[in-house]
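The values are calculated or read from the model by the stated rules, or taken from the named source; none is laboratory data. Keep in mind that this is a model prediction, so the values were computed, not measured. Glycine also receives a Cβ, built like all others from the backbone with ideal geometry; neighbour counts cover every protein chain displayed. For accessibility, only protein heavy atoms count, side chains too; no ligands or nucleic acids. Shrake-Rupley method; radii C 1.70, N 1.55, O 1.52, S 1.80 Å.
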Amino acid sequence: MSLQTGPAPRKARPAGRVEFRQPLAVPAFGLDSSPMPRRLAILLSGRGSNFEAIADAVTDARIPDSVIVAVISDVPGALGLQRAKERGLPVFAVGRREFASRREHERAIERILDAARPSVICLAGYMRLLSPEFVGRYRGRILNIHPALLPRFPGLDAQRQALEAGEPISGCTVHYVDEGTDTGPPILQRRVPILPEDTVESLSARILEQEHIAYPEAIALVLTKLPTDT
Ligand code: GRF
């Protein structure tokens, strides 16, 4: 484990975890100071493998004392939503097309979140940009996972970007969400070497394996820093 504050390294380094130490500005809420389970909300749009990794980590207490209070998708047919339903979790399909504007769609999600009172909101393959209003409402409590060593290769097709840039190493980053695209403060990274024979598919698969380790670790880390009544 080592600290890293500047841009992701260009030189090859062994695969492994990189943890960032960030001050967390989180407003305390709730009046009861007795220990309560941490409440996780998940937003997803697709297959939901990161959601499943998080749910498994909640079940076997790698994310200790926690509960998933809402799994929300903007894609009603998302496989991840189906997987959450099979696990008996509270699922919410909030289809984009049912709303006249992006902001109205977000407001519907906000209503669900405000009822579910999550400690943190985990974006797990959520493919819609969040407005500054949404980010501001839950600032410091929205997490995302990105399949590259940010700040290298933000945005779509990060694995392809890394391959085409001829990088010797890539990986994944769990970070807080701010108003930019994948620009929020990093929490934890895991590195994955890029092999000469790699394709986008093979690299993506190896990065995904590391995502499934990194996201639960990062959530557990963030929860230790939250006020006990959050
Ligand atoms: C992952 O590669 C994640 O890094 C990115 O979207 C993908 C989601 O995959 N943000 P899954 O739906 O969790 O399987």
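If amide H atoms are built 1.01 Å from N in the plane of the peptide, which residues on other chains or at least 5 residues away come under 5 Å of the amide H of I42?
Amide H neighbours of I42, under 5 Å, 5+ apart: A70, V71, I72, C122.
Arrange the residues F92, F51 by how much accessible surface each exposes, largest first, with a 1.4 angstrom probe.
F92, F51
Could you work out [θ]222 nm for the chain from helices alone, using -39500 (n - 2.57) per DSSP H run of at least four and dividing by all its residues? Round to the nearest 500 deg cm²/dmol.
The per-residue figure over the chain is -10000 deg cm²/dmol.
Mind checking the per residue accessible area of the chain for me, 1.4 Å probe, whole number of Å²?
I get 48 Å² per residue for this part.
I'd like to compare 187-193, 99-105, 129-135: which one has the highest average count of other Cβ atoms within 10 Å, and what's the full order after that?
Values: 187-193: 22.6, 99-105: 12.4, 129-135: 15.4.
Sorting 187-193, 99-105, 129-135 by mean packing, highest first, produces 187-193, 129-135, 99-105.
Given 0.36 nm per residue, what is the gain on full extension from R47 to R117 after removing their alpha carbon distance, in nm?
Details: separation 70, 0.36 × 70 = 25.20 nm, distance 2.48 nm.
Gain on stretching R47 to R117: 22.7 nm.
Which of rounded, prolate, oblate describes the chain, given a ≥ b ≥ c as roots of the alpha-carbon gyration tensor eigenvalues and a/c under 1.5 marking rounded, otherwise prolate only if a/b is larger than b/c? Present the calculation step by step, with values, prior to reporting the outcome.
Working: a/c = 1.67, a/b = 1.37, b/c = 1.22.
Prolate shape, in that a/c is at least 1.5 and a/b is the bigger ratio.
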